[in-house]
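The structure appears right after this line, and notes come after that.
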Amino acid sequence: MIKEGEKLPDVQFNVPTSEGMKPMRTADVFAGKTVALFAVPGAFTPTCSARHLPSFRELGADLKAKGVDTIACTAVNDHFVMGAWAKDQSVVDDIVMLSDGSGEFARAVGLDADFSKFGMGPRSKRYSMLVKDGVVQKLNVEEAGEYKVSSAEHLLSQLG
């Protein structure tokens, strides 16, 4: 598992935009920026839709006031699903949706999980991280089934 102080791996994300899918590499998203990244096991799933993403939507301005340039969400879902979820949650212009459709990023950072027993297959663990210029500054990984340390509230408290 990636640790604080380590650089994010170079992978390609597929990002839904108003012009369609845009491929973006890790550096395109994180280089020269402070990014609040959070990962969910799946778009449209109960905790992810009712609590996790909304916490970042509601506290987005507070995070940006503390120096965050970009808020990004990643999940092992295709860009069509991530785009539909962004529209459903009214975050199209506020949160960059990083589709990790094949789970390459989740595996590369060692935060992948097998959700086969729930009928979901390979996914990402639930976590949040603060990334500065591609380097992990804070990493908050949830225990299975939990939702506490990956919230925007917790990440905001770490920004001082």
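Would you mind finding the one in 83, 110 that is in a helix (DSSP H, G or I) and over 12 Å from the mean Cα position of the chain (by Cα)? Give the steps one after another, and end with the answer.
Working: 110 fails: in a helix (DSSP H, G or I).
So the residue among 83, 110 that is in a helix (DSSP H, G or I) and over 12 Å from the mean Cα position of the chain (by Cα) is 83.
Could we say that residue 64 is among the basic types (Lys, Arg), free of Cβ contacts under 8 Å to residues at least 40 places away in the same chain and either open to solvent by 70 Å² or more (accessible area, probe 1.4 Å) or touching an Asp or Glu at 6+ places or on another chain (Cβ under 9 Å) (or both) here? Step through it out loud before you land on a result.
Details: among the basic types (Lys, Arg): yes; free of Cβ contacts under 8 Å to residues at least 40 places away in the same chain: yes; either open to solvent by 70 Å² or more (accessible area, probe 1.4 Å) or touching an Asp or Glu at 6+ places or on another chain (Cβ under 9 Å) (or both): yes.
For residue 64, the condition - among the basic types (Lys, Arg), free of Cβ contacts under 8 Å to residues at least 40 places away in the same chain and either open to solvent by 70 Å² or more (accessible area, probe 1.4 Å) or touching an Asp or Glu at 6+ places or on another chain (Cβ under 9 Å) (or both) - is met.
All but one of (1) in contact with a His (Cβ under 9 Å, 6 or more places away or on another chain); (2) over 23 Å from residue 159 (Cα atoms); (3) of a type in the set (Lys, Arg) hold for residue 126, so report the exception by its number.
Among (1) in contact with a His (Cβ under 9 Å, 6 or more places away or on another chain); (2) over 23 Å from residue 159 (Cα atoms); (3) of a type in the set (Lys, Arg), residue 126 violates only (2).
Can you pull out every residue in region 127-159 that is open to solvent by less than 70 Å² (accessible area, probe 1.4 Å) and in contact with a Gly (Cβ under 9 Å, 6 or more places away or on another chain)?
Residues satisfying the conditions are 134, 135, 136, 152, 159.
If residue 72 satisfies every condition in (1) within 23 Å of residue 135 (Cβ to Cβ); (2) in a loop (DSSP other than H, G, I, E, B) but one, which is the exception?
(2)
Please verify whether residue 90 is within 28 Å of residue 121 (Cα to Cα), open to solvent by 70 Å² or more (accessible area, probe 1.4 Å) and either among the hydroxyl-bearing types (Ser, Thr, Tyr) or without any contact (Cβ under 8 Å) to a residue 12 or more places away in the chain (or both), treating the condition exactly as stated. First the steps, then the outcome.
Working: within 28 Å of residue 121 (Cα to Cα): yes; open to solvent by 70 Å² or more (accessible area, probe 1.4 Å): yes; either among the hydroxyl-bearing types (Ser, Thr, Tyr) or without any contact (Cβ under 8 Å) to a residue 12 or more places away in the chain (or both): yes.
Considered against the rule, which asks whether it is within 28 Å of residue 121 (Cα to Cα), open to solvent by 70 Å² or more (accessible area, probe 1.4 Å) and either among the hydroxyl-bearing types (Ser, Thr, Tyr) or without any contact (Cβ under 8 Å) to a residue 12 or more places away in the chain (or both), residue 90 comes out as yes.
Within region 4-40, can you find the residues that are under 27 Å from residue 114 (Cβ atoms), assigned to a loop (DSSP other than H, G, I, E, B) and open to solvent by 80 Å² or more (accessible area, probe 1.4 Å)?
Passing the criteria: 4, 10.
Take the residues in region 67-87 that are among the small types (Gly, Ala, Ser) and in contact with a helix residue (DSSP H, G or I) (Cβ under 7 Å, 6 or more places away or on another chain); name whichever of them is surrounded by the fewest Cβ atoms within 10 Å (Cβ to Cβ).
Narrowing region 67-87 to residues among the small types (Gly, Ala, Ser): 67, 72, 75, 83-84, 86.
Pick out the ones that are also in contact with a helix residue (DSSP H, G or I) (Cβ under 7 Å, 6 or more places away or on another chain) and you get 72, 75.
Numbers: 72: 22, 75: 29.
This residue is 72.
Among the residues that make up region 41-61, is at least one of them open to solvent by less than 10 Å² (accessible area, probe 1.4 Å), of a type in the set (A, V, I, L, M, F, W, C) and either touching a Pro at 6+ places or on another chain (Cβ under 6 Å) or not in a helix (DSSP H, G or I) (or both)?
Within region 41-61 (the criterion being open to solvent by less than 10 Å² (accessible area, probe 1.4 Å), of a type in the set (A, V, I, L, M, F, W, C) and either touching a Pro at 6+ places or on another chain (Cβ under 6 Å) or not in a helix (DSSP H, G or I) (or both)), the answer is no, since none of the residues qualifies.
Any residue in region 148-160 that's closer than 14 Å to residue 65 by Cβ: show its pairings with residues that are surrounded by 14 or more Cβ atoms within 10 Å (Cβ to Cβ) and of a type in the set (Lys, Arg) at Cβ separation under 9 Å, as long as the two are six or more apart or on different chains.
Sorted first by the residue in region 148-160, then by its partner, the pairs are 152/57; 155/138; 156/66; 159/66; 159/138; 160/66.
In the list 101, 145, which residue meets the criterion of being in a loop (DSSP other than H, G, I, E, B) and either at positive phi or out of contact with any strand residue (DSSP E or B) (no Cβ under 8 Å at 6 or more places or on another chain) (or both)?
Numbers: 101 fails: either at positive phi or out of contact with any strand residue (DSSP E or B) (no Cβ under 8 Å at 6 or more places or on another chain) (or both).
That would be 145, the only listed residue that is in a loop (DSSP other than H, G, I, E, B) and either at positive phi or out of contact with any strand residue (DSSP E or B) (no Cβ under 8 Å at 6 or more places or on another chain) (or both).
The values are calculated or read from the model by the stated rules, or taken from the named source; none is laboratory data. Bear in mind that the values here come from a model prediction, so they are computed numbers and not experimental data. Heads up, the Cβs are rebuilt from the backbone with ideal geometry, glycines too, and the neighbour counts pull from every protein chain shown. Note: areas computed on protein heavy atoms with side chains; ligands, DNA, RNA excluded. Shrake-Rupley method; radii C 1.70, N 1.55, O 1.52, S 1.80 Å.
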